[in-house]
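Notes follow the structure.
The values are calculated or read from the model by the stated rules, or taken from the named source; none is laboratory data. Since the model is a prediction, treat every value here as computed from it, not as a measurement. Every residue, glycine as well, gets a Cβ built from its backbone with ideal geometry; the counts of neighbours run over all protein chains shown. These accessible areas exclude ligands, DNA and RNA; they are computed on the full protein's heavy atoms, side chains included. Shrake-Rupley method; radii C 1.70, N 1.55, O 1.52, S 1.80 Å.
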Amino acid sequence: MATAILDFGIEKALEQLGVSNHNKGTSTGSDWFSSEEKISSYSPVDGELIGTVETTTAADYEKVIQTASEAFKSWRVMPAPQRGEIVRQFGEELRKLKEPLGKLVSYEMGKSYQEGLGEVQEMIDICDFAVGLSRQLHGLTMHSERPGHRMYEQYHPLGIVGIISAFNFPVAVWAWNTALAWICGDVCVWKPSEKTPLCGIACQHIIAKVLKENNLPEGISCLINGDYKVGEMMTKDKRVPLVSATGSTRMGKIVAATVGERLGKSLLELGGNNAIIVTPDADIKMTVIGAVFGAVGTAGQRCTSTRRLIIHESIYDKVKNAVVDAYGQLRIGNPLDENNHVGPLIDKDAVKGYQNALEKVVEEGGKIVVEGAVLSGEGYESGCYVKPAIAEADNSFKIVQHETFAPVLYLLKYSGDIENAIDVQNGVAQGLSSAIMTNNLREAERFLSYAGSDCGIANVNIGTSGAEIGGAFGGEKETGGGRESGSDAWKVYMRRQTNTINYTTELPLAQGIKFDL
Ligand code: NAD
């Protein structure tokens, strides 16, 4: 292992998390199963092999589903607040292991250590949220049209929730799903991204310890590993009533069709193409901070990363110059070193996607205003470090319509009224996050109105990235329509039942229908 990494305490972090050089990849809790095939996890930080993970075979998947089905029978009858207590303990374990887990996230995925810690903090926050929610899984009561009748609705657990997650939030997305699913009485089977499998191993060890200490059965939290073929085992399996899938729109379309074919439920959290509208009334300093963090944070690999800046023509040059100046100050390098702003992309395929975007935008008539580059030499040996780039472009360009998962920011100019900017903002296939920078109340309200942004997230005077767990998270159109995390997102993890109780000696029918015998 490279010395630089030893300096950042990665080896110690792996040890604390129970991650070794060779890991079994299938687990029902404390039980782990061996297999022949494995995936290797290389760090984008320095290109080193961190460890291998054995993939899940069809036979092992079968054992996982049977164990999970069995566990569901006892887990669903445990009172929800007691399930909340388990999630509380899980949150406590995460607090203890926040630093090593944050480090592993940073080293395996490539985001900054600060963002790694932030991701673990999100896990802790959703646990806290879920604990409170475990006492509030409430339905409505309604007045019956029939005398002496009572009507209400209640929510029951669904069963096995399958979770398929993306590389860029290798631990938080799992927690957003599991913390809620568990208090709802469901059991979970998780397939992490094949690009960040060690984060999955670490998380499984953490929850397995909590479940064991509470004498809970195997199967409440299960882990499977591998590529899309292992994901397909769940999407095709009718014993998995809900599949929550986070990743590209390409993947979401396949998952939705496969789960839909068997009339299962899917919760889809897919790609974004997020924009900030900058109006003549914008605070330029705030705009620059919001835009630059949104575009280059996590090296442009957040689903909510800012990809488009839609700037009014009257302030276009001013905003452009300020953003270009800010890019001049960015430090690119090892994300574990807190002095750097931008870490690596996940792998060399992502680097190709970045290079392709920069070529395409020029081919389509755009103009590069901050040159991109793939960095090489000392500190950049992994070949995954790129220079954040900016191009002037038009919303109609094919490449602008496409989500490039890299730090490429497009500047788009609008003229006239705010409606024109909203049309540009909405003029893409995706609908995840959006923002407006303005001190003009009318513009802000029009942006948030029914004729405004068509995204799942619409912000005023903050950027597009960095959502809080208290709100429901997700997007419209090709982002998939799913909602996770806060608000009433828990309802998707449960089935709703309407109950009508007759406490009379008569049997009146609804709608006044008579059926006299
Ligand atoms: P990806 O689509 O390549 O892979 C995501 C996951 O889906 C992986 O675990 C993969 O193995 C699995 N998968 C792929 N094809 C599958 C199939 N046919 N059946 C079952 N499983 C399958 O995405 P990625 O490169 O890991 O992540 C980047 C993408 O994720 C971006 O588009 C980003 O916007 C999106 N994302 C969205 C959100 C959100 O909340 N909306 C959050 C994070 C990432």
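Restricting to region 58-95, name every residue that is more than 19 Å from residue 137 (Cα to Cα) and hydrophobic (A, V, I, L, M, F, W, C).
Scanning region 58-95 gives 58, 59, 64, 65, 68, 71, 90, 94.
Looking only at region 212-227, decide whether some residue is surrounded by fewer than 20 Cβ atoms within 10 Å (Cβ to Cβ) and within 13 Å of the ligand (Cβ to nearest atom).
Checked against the condition, which is being surrounded by fewer than 20 Cβ atoms within 10 Å (Cβ to Cβ) and within 13 Å of the ligand (Cβ to nearest atom), region 212-227 yields at least one hit.
Of the residues 403, 378, which single one is assigned by TED's automatic domain parsing to the domain that holds residue 284, part of a loop (DSSP other than H, G, I, E, B) and either closer than 30 Å to residue 458 by Cβ or within 26 Å of the chain's Cα centre (by Cα) (or both)?
Going through 403, 378 in turn, just one is assigned by TED's automatic domain parsing to the domain that holds residue 284, part of a loop (DSSP other than H, G, I, E, B) and either closer than 30 Å to residue 458 by Cβ or within 26 Å of the chain's Cα centre (by Cα) (or both): 403.
Hey, among the residues in region 461-476 that are open to solvent by less than 50 Å² (accessible area, probe 1.4 Å) and outside any loop (DSSP other than H, G, I, E, B), which one's farthest from the ligand (Cβ to nearest atom)?
472
Suppose the filter is assigned to a strand (DSSP E or B), open to solvent by less than 20 Å² (accessible area, probe 1.4 Å) and touching a residue at least 60 places away in the same chain (Cβ under 8 Å); does residue 86 pass it?
For residue 86, the condition - assigned to a strand (DSSP E or B), open to solvent by less than 20 Å² (accessible area, probe 1.4 Å) and touching a residue at least 60 places away in the same chain (Cβ under 8 Å) - is not met.
For region 297-318, which residues satisfy the criterion of being under 18 Å from residue 434 (Cα atoms) and more than 16 Å from the ligand (Cβ to nearest atom)?
Result: 309, 310, 311, 312.
Is it true that residue 308 is at pLDDT 95 or above and open to solvent by 20 Å² or more (accessible area, probe 1.4 Å)?
For residue 308, the condition - at pLDDT 95 or above and open to solvent by 20 Å² or more (accessible area, probe 1.4 Å) - is not met.
Being more than 9 Å from the ligand (Cβ to nearest atom) and in contact (Cβ under 8 Å) with a residue 40 or more places away in the chain is the filter here; which residues of region 246-265 pass it?
If the condition is that a residue be more than 9 Å from the ligand (Cβ to nearest atom) and in contact (Cβ under 8 Å) with a residue 40 or more places away in the chain, then 256, 265 are the ones that fit.
Could you count how many residues in region 477-489 are more than 11 Å from the ligand (Cβ to nearest atom) and closer than 18 Å to residue 402 by Cα?
Qualifying residue count, region 477-489: 1.
Quick one: in region 490-508, of everything that is open to solvent by 70 Å² or more (accessible area, probe 1.4 Å) and in a loop (DSSP other than H, G, I, E, B), which residue is nearest to the ligand (Cβ to nearest atom)?
The extreme case among them is 503.
Quickly run through region 133-150 and pick out the residues that are within 37 Å of the chain's Cα centre (by Cα) and either in contact (Cβ under 8 Å) with a residue 40 or more places away in the chain or part of a loop (DSSP other than H, G, I, E, B) (or both).
Residues satisfying the conditions are 133, 134, 135, 136, 137, 138, 139, 140.
If you check 122, 70, which single one turns out to be part of a helix (DSSP H, G or I), more than 26 Å from the chain's Cα centre (by Cα) and in contact (Cβ under 8 Å) with a residue 60 or more places away in the chain?
Residue meeting the stated conditions: 70.
Restricting to region 247-278, name every residue that is of a type in the set (Gly, Ala, Ser), closer than 24 Å to residue 490 by Cβ and open to solvent by less than 30 Å² (accessible area, probe 1.4 Å).
Correct list: 247, 252, 264, 272.
Filter region 422-447 down to the residues that are in contact with a helix residue (DSSP H, G or I) (Cβ under 8 Å, 6 or more places away or on another chain) and among the aliphatic types (A, V, I, L, M), then identify the one that is most open to solvent (accessible area, probe 1.4 Å).
429
Residues in region 329-340: is at least one surrounded by 17 or more Cβ atoms within 10 Å (Cβ to Cβ) and within 21 Å of residue 275 (Cα to Cα)?
Checked against the condition, which is being surrounded by 17 or more Cβ atoms within 10 Å (Cβ to Cβ) and within 21 Å of residue 275 (Cα to Cα), region 329-340 yields no hits at all.
Across region 228-245, which residue is farthest from the ligand (Cβ to nearest atom) among those that are under 20 Å from residue 184 (Cα atoms) and within 18 Å of the chain's Cα centre (by Cα)?
The residue in question is 242.
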